[in-house]
Amino acid sequence: MEENGVNNCLKILQRAGNDNERMAALLLVTKLTKADSCSGAERKQLFEAVGFSFIIRLLKSGQVPDGCAEDAFRNVALSILSAFCSEPSLVTHPEMLNSLPCLHEVILKDASTDKTETELPDLLRDAYDCLTCICVHREGQMAAIEHGTASVLGEVYHNGLCGRERALELALMLAERHGSPVFAHAPHGLMLLLNKLSCEFTETQEKEKFELCSCLGQLVSSVDRLLLDELPSRTWSMNVHNGLMDVLQSRISSSQREPALQLASVMVQQCGVDWALYASDKGVKFLLLLAHLACIEVRMALEDRSLAEASTQEAVLSACYALLESTIAFMTVGASLALNDRQITQLHSAMVGAFHAASEFLALISQDEQPEIWFHPVVTATVRVLGSWIAEESLALEDKIRDIIPFLLKISRKTFLQTKQGTLVHRLQALALGETIEEAKTEEAPPPATADVLRFLLPGFCHLSAEEKSRSVLMESGISSLLVDYTFFHWEIFSEDSACRPSEVALTTMSGIFLNLIVMNDEKFTCEPVSEKLLRLLLNNISCFSHSSPTHLVLFYNWAVLGLMLLRKMPQAFAEAEDDCAAFIQSVTNLFSHAHIVDHSVPEPRDPPIPHPRLNISSFTASEWPAVAELWFLGMQTLSHLIDQHNDLAKIILKSSWLLPMLRMLIEIKGNGVDSETAISYRSLLLAVARASPRAFKVIKERGGIKVSRLYKFDDLEKLLTR
């Protein structure tokens, strides 16, 4: 840019005494700012000389001199703005960001439906250029969210106004970058976009249908499920359902089927399997169709394929894996699908084929001499989806699964170590920046570069640990040390943030695996050094759980029973840590004592007669009783055995204030509501305590022990008390 041109223009602007003179200078400014040779510094000088307030007045002006086009002033203003927007130092200027409402007004009021996209007038083109430049920068994106740009863009697209394609492009870009906050204050814009896109998806039969799959998938996946649930209408989701049903039942190519499956996967993840089932009267048929197609795609992508070949299908594989995981989870815990025998057989056969391909693919990967390929997203995603299958069904592929158990444990350890290292590095970096240790611990770490696959394999390992042959392979492959390390890792997270649900679930599931190893593998696990490390963790931290709140009750029960089992198998612990063991037994006793209450409620006259008072589950335990009932029975049995082994434990029971309430409760209810398994549990404990401690013997005998024995036919207890 010739310096004289800019200087002359600046002088003209400085001498301008009124808007007409300034307007004349703007024509020169327009030419200068659009020139490639105009530097950023020169644009900034011109921007400051023109004055932003003057440009805004031109944009809002409704009067023009005679003989001028109606939009003359606004055309000039937007032309200058679009030129200034190309300069990064100007596009995020506060005054530029505050111009968004003016730009909104232009793209809404100056657009009409009688012009095609190729006929976008200069006024609109410049307005969209300004919006695009602003939204490229984070400051501009945040301003766009604040000013409700997404709602305006949704209105443009929904109403078919000129510039609708650019409006959609901008809306998708904002949604992809910032997700739900884009529409948090403007859900109407999201509703408009979803309604219009879904209608077009349902109605069009051209190739654009598959482009709309991508647009819908991008938009739906970018926002939170809660925001979608709060939308006032579900018409859009029914449209997507019908459109996908139409596409997937048609004869289409692989390149056309893939975006449709990806959209279906997004919808299932964001709206749940219920969307597939209940959005139309063909729900079950549609869900089965999705599952079968997902299985076919998995086999096509993995069978006899190298990692390089499978990686070309990464997007569709990810979608199909998500569909299979959701389907398996729903069929496990959801409502019955009322499938007939033929449908069940076909679906099971299709899934067996898909997971056979997955296990063969992983077996091939395990042989590679370059372990770094184990961290490839396709590999870790395949491990994860296989984990969902193993958790529910391993018999159909038991030999294949057993063959790759060593690999699954190796990749689990490697990805866990990377996750652990990433957490440590994050904390060290925070400390280096001057944060306290507590701040460094509580600050959320960035997601690890590699997925921690062990968390997703834990339910499957729990299943496998209950089977003799698979359990043997797990033990030989080092599952004990891995899970103990993983327990310590998640306990550290959970103890700092008890609201961390993934860590709580992981700790609970690992407790189940440890119990299987102890109960079914006899001395093998408890002879390993890591078992002492695990027991020490339980003894030292059981007191972190509250006896007055049912929060985290399932984990509390798991740790209580696991600790009892370890103490039974490792009696030397009482000599090495007598006080810690006593404190642990005290906590467990308090927990078990809260399981039952005397229920004095009287049934309504219309209800069947029920004896009362009767034994019932306490409100403390009721909500989680289905999950902890077996643990209570196992724990009571193990506690009784421990008292037989270590008579001093009877003193803890005696001091716990449980013994007398237990006797009073059993006498008061007279056997009402007491099943045989519960009766045996109380009998075993009373018998063990009475045998172990003369003082406890006396208390039980004097406080109704004989009466309890006769009420419940505890012959061995009665014989002991009356000898």
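The values are calculated or read from the model by the stated rules, or taken from the named source; none is laboratory data. Note that the structure is predicted; figures quoted are calculated from it, not measured. With ideal geometry, Cβ positions are generated from the backbone for all residues, glycine too; neighbour counts draw on all protein chains shown. For accessibility, only protein heavy atoms count, side chains too; no ligands or nucleic acids. Shrake-Rupley method; radii C 1.70, N 1.55, O 1.52, S 1.80 Å.
Leaving out ligands, DNA and RNA, and with a 1.4 Å probe, what % of the accessible surface on the stretch 237-384 is carbon or sulfur? Write out the running numbers ahead of the final one.
On the way: 3300 of 6560 Å².
After summing per-atom areas, the C and S share lands at 50 percent.
To the nearest 20 Debye, how big is the dipole of the stretch 356-428 about its Cα centre, given +1 on the beta carbon of each Lys and Arg and -1 on that of each Asp and Glu?
Dipole about the Cα centre, nearest 20: 520 debye.
Please give the contour-minus-distance gain from Ser472 to Lys282: 0.36 nm per residue of separation, less the Cα-Cα distance, rounded to one decimal in nm.
Extra length from Ser472 to Lys282 when fully extended: 63.8 nm.
Would you mind listing how long the stretch 682-722 runs along its three principal axes, going by Cα atoms, in whole Å with the largest first?
23, 18, 15
Would you work out the charge dipole size for the stretch 680-723 about its Cα centre, treating the Cβ of every Lys and Arg as +1 and the Cβ of every Asp and Glu as -1, and quote it to the nearest 20 debye?
Rounded to the nearest 20 debye, it is 120 debye.
If I stretch the segment between Glu369 and His185 completely, what's the gain in nm (0.36 nm per residue apart, minus their alpha carbon distance), one decimal?
That pair, Glu369 and His185, stretches by 61.0 nm at full extension.
Express in % the proportion of alpha carbon pairs of the stretch 190-291 at distances exceeding 18 Å.
39 percent
Calculate, for the stretch 135-253, the solvent-accessible area per residue in square angstrom, rolling a 1.4 angstrom probe over the heavy atoms of the protein chains.
44 Å²
Compute the distance in nm between two label points, each set 7 Å from the Cα along the Cα-to-Cβ direction, one at Thr132 and one at Leu537.
Each label point lies 7 Å from its Cα, and together they span 5.4 nm.
Label Asp274 and Ser601 with points 7 Å out from Cα along Cα→Cβ: what is the distance between them in nm?
The answer from the label model is 2.6 nm.
For the stretch 648-689, list log₁₀ I(q)/I(0) at each q in 0.23, 0.32 Å⁻¹, using the Debye formula over Cα point scatterers of equal strength and ignoring solvent, two decimals each.
Rounded to two decimals, the profile gives -0.82, -1.16.
Expressed as a whole percentage, what fraction of the accessible surface of the stretch 474-568 belongs to carbon and sulfur atoms when a 1.4 Å probe is rolled over the protein heavy atoms?
Summing carbon and sulfur atoms, their accessible area is 52 percent of the total for the stretch 474-568.
In whole angstrom, how far apart do the alpha carbon centroids of the stretch 343-378 and the stretch 618-668 sit?
Between the Cα centres of the stretch 343-378 and the stretch 618-668 lies a distance of 46 Å.
Given labels modelled 7 Å from the Cα in the Cβ direction, how far is it in nm from Glu303 to Ala583?
6.0 nm
Which entries in Lys533/Lys651; Lys670/Lys707; Lys60/Lys109 show an alpha-carbon gap greater than 20 Å?
Working: Lys533/Lys651 27 Å; Lys670/Lys707 10 Å; Lys60/Lys109 12 Å.
Cα-Cα > 20 Å for Lys533/Lys651; rest within.
How compact and how long is the stretch 299-383, expressed as Rg and Dmax of its alpha-carbon atoms in Å?
Considering the stretch 299-383 through its Cα atoms, Rg and Dmax are 14.7, 47 Å.
In square angstrom, what is the accessible area per residue of the stretch 503-542 with a 1.4 angstrom probe?
36 Å²
Sequence-distant or interchain residues sharing an amide H contact under 5 Å with His596, placed H: which?
It is Ser618, by chain and number.
In percent, what relative contact order does the stretch 233-358 have, based on Cα pairs under 8 Å that are 6 or more apart in sequence?
Worked out over the stretch 233-358, it gives 30 percent.
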